[in-house]
Amino acid sequence: MKVIKDVVCPFCGSLCDDIEVVLDKGKIIEVKNACQLGAVKIAGNEGGKRLLSPLIKIDGKFIPVSYDEAAVKAAEILLEAEFPIFYGFGSTEAEAHKESIILAEEAGAIWDHCPSVCHGPSVMGIQEIGLAGCTLGEIRNRSDLIIYLGCNPMEAHPRHMSRYTTFPRGYFREKGFQERTVVVIDIRFTETAKLANHFIQIEPDGDFEFISALRAILRGRELREKVISGIPVEKIQQLAEIMKNAKHGVIFFGLGLATTKGKYRNVDAALSLVRDLNEHTKFYVMPLRGHYNVTGAQNVITWITGYPFAVSLTRGFPQYNPGEFSMASVLSQKEADAAFIVASDPVGNSPRKVMNHFAQIPVIALDPYETPTTRLADVVFPVTISGVESEGTAYRMDSVPLRLRKVKPGPKGILTDQQVLNKIHKKYIQLKKKKN
């Protein structure tokens, strides 16, 4: 048996890097230290049917073909399309992100990824206000106040609290949780709230008013209302005092803040609250990101184009407009005439209007497993599982880059996302030259 240590878990944005994988004759028999969700992904027992050959749909039936044949077909689709869209990228390596953006620029396509349907409002709020950010390591070693606002890491990021925030013994927090205060602000009593020192249950869609009340109290204003967002003013004042008296505080926020009424204005308010708190103490803020490399996709597209998501490259230069160039908008308005999906399943989790348009246009899909998107696609490329069967770079939710490790070989002959994208790009250039 062989034990591989310091493996980075390719499941969620926490990117736990202390995983140990035990192999016997090249097969994973045990995954140590990971949460149940991460262990299942690393072990490869996700319950989905593994794709083992490129497929092209002919007369409604999938025909196994070579990678070259499938790449030619994909290139033909992109060449014929006038308004293609590239989407996904939350669960693949940064090298594939770069390759896909180069191809999208060559094809004159829209390039979008997961924030357009989740943390897009967070990104827009950060663009307006700025982010008082830090690393998870700094939080682990210094923070004495942890606030979870509209998020539930115990279920979405199972090891987040044990590795980075609540329970670990930090350099300046040697007693661990005994030296930390945890506050959960949510509309329901979650699994995370069970572990909190203080739980504040606000009314649904009351985030903006609640945060604004906190900001007013911090600025010494008197509030006329006795109850705000379902919370007595006295309790809000108590929270404001806890926040002011912290030595090193941090607010983690999730989709419960970013996608409820107010959207990016809620995030705007939370970021402004942290800015106000820094007049009293050291305070930071961080969005809890879901897919393990959605932060990486955001970083890579920003490096290359200057914009974080919903970027149009149709005119030969980048344009940014989330309301116009996001995946849901483009497909619900029936504007896209081809879709290129990588490491995502938008057909399985999009509104009916979007799914209906997916069924009417040619779709190219890259995925290790069979999904609703691959079943609908016209060209399907099987790929390795990044961080398990192939190497690459991923960015943790705090934008710290970590190197994904290859712990076992993938199925024989299966290529990585980057290799497939590169192959399609070469075929596209060849066909384009012939056409011209």
Item to check | Unique match (being among the aliphatic types (A, V, I, L, M) and surrounded by fewer than 20 Cβ atoms within 10 Å (Cβ to Cβ)) among I424, I385, I429 | outcome: I429
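Give the residue that is surrounded by the most Cβ atoms within 10 Å (Cβ to Cβ), with candidates limited to residues of segment 100-121 that are touching a strand residue (DSSP E or B) at 6+ places or on another chain (Cβ under 7 Å) and within 16 Å of R396 (Cα to Cα).
Looking at the filtered set, the residue picked out is H119.
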Checklist entry - What residue, of L145, L223, is under 19 Å from A270 (Cβ atoms) and modelled with pLDDT under 95? => result L223
Next on the checklist: Tell me whether segment 392-402 contains one or more residues that are without any contact (Cβ under 8 Å) to a residue 24 or more places away in the chain and closer than 25 Å to K27 by Cα.
Outcome noted: no
Checklist entry - Which of the residues belonging to segment 135-151 are over 18 Å from F208 (Cα atoms) and outside any strand (DSSP E or B)? => result T135, L136, G137, E138, I139, R140, N141, R142, S143, D144
Checklist entry - Has segment 94-112 got any residue that is under 23 Å from D268 (Cβ atoms) and assigned by TED's automatic domain parsing to the domain that holds V400? => result yes
Item to check | Residues located in segment 12-34, provided they are modelled with pLDDT under 95 and either at positive phi or not in a strand (DSSP E or B) (or both) | outcome: K25, G26
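Got at least one residue in segment 92-99 being outside any helix (DSSP H, G or I), within 16 Å of the chain's Cα centre (by Cα) and crowded, with 19+ Cβ neighbours inside 10 Å?
The first filter runs over segment 92-99 and keeps only residues outside any helix (DSSP H, G or I), leaving 92-93.
Imposing the further condition that a residue be within 16 Å of the chain's Cα centre (by Cα) reduces the set to 92-93.
Within this subset, residues satisfying the condition of being crowded, with 19+ Cβ neighbours inside 10 Å are 92-93.
The answer is yes, given that some residue of segment 92-99 is outside any helix (DSSP H, G or I), within 16 Å of the chain's Cα centre (by Cα) and crowded, with 19+ Cβ neighbours inside 10 Å.
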Checklist entry - Within segment 346-363, how many residues turn out to be surrounded by 19 or more Cβ atoms within 10 Å (Cβ to Cβ) and among the charged types (D, E, K, R)? => result 0
Checklist entry - If we scan segment 286-294, do we find a residue that is more than 12 Å from S122 (Cβ to Cβ), crowded, with 18+ Cβ neighbours inside 10 Å and touching a Lys or Arg at 6+ places or on another chain (Cβ under 8 Å)? => result no
Checklist entry - Which of the following residues is within 20 Å of Y87 (Cα to Cα), in contact with a Lys or Arg (Cβ under 7 Å, 6 or more places away or on another chain) and of a type outside the set (K, R): V379, V383? => result V379
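Starting from residues that are touching a residue at least 60 places away in the same chain (Cβ under 8 Å) and closer than 22 Å to P115 by Cβ, keep the ones in segment 367-380 and report whichever is surrounded by the most Cβ atoms within 10 Å (Cβ to Cβ).
Among those residues, the one meeting the criterion is D367.
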Next on the checklist: So, M243, is that one under 25 Å from the mean Cα position of the chain (by Cα), of a type outside the set (D, E) and either assigned by TED's automatic domain parsing to the domain that holds L273 or not in a loop (DSSP other than H, G, I, E, B) (or both) or not?
Outcome noted: no
Checklist entry - How many residues does segment 261-310 hold that are modelled with pLDDT under 95 and over 19 Å from G133 (Cα atoms)? => result 4
Checklist entry - Since I341 meets every condition but one in (1) surrounded by 22 or more Cβ atoms within 10 Å (Cβ to Cβ); (2) not assigned by TED's automatic domain parsing to the domain that holds P84, which condition does it not meet? => result (2)
Checklist entry - Is there a residue being in contact with a Lys or Arg (Cβ under 6 Å, 6 or more places away or on another chain) and either assigned by TED's automatic domain parsing to the domain that holds H425 or assigned to a helix (DSSP H, G or I) (or both) anywhere in segment 118-134? => result yes
Checklist entry - Any residue at all in segment 308-317 that is small (G, A, S), in a helix (DSSP H, G or I) and either within 29 Å of D398 (Cα to Cα) or not assigned by TED's automatic domain parsing to the domain that holds I110 (or both)? => result no
Checklist entry - Does segment 273-280 include one or more residues that are closer than 30 Å to V8 by Cα and not aromatic (F, W, Y)? => result no
Checklist entry - Looking at I211, I236, I200, I187, which is the one that is over 24 Å from M397 (Cβ atoms) and aliphatic (A, V, I, L, M)? => result I236
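Scan segment 38-56 and give yes if some residue there is part of a loop (DSSP other than H, G, I, E, B), surrounded by 16 or more Cβ atoms within 10 Å (Cβ to Cβ) and under 26 Å from the mean Cα position of the chain (by Cα), otherwise no.
The answer is yes; a qualifying residue exists.
The values are calculated or read from the model by the stated rules, or taken from the named source; none is laboratory data. All figures in this text were calculated on a predicted structure; none of them were measured in a lab. Please note: Cβ atoms are built from the backbone with ideal geometry, for glycine as well, and neighbour counts cover all protein chains shown.
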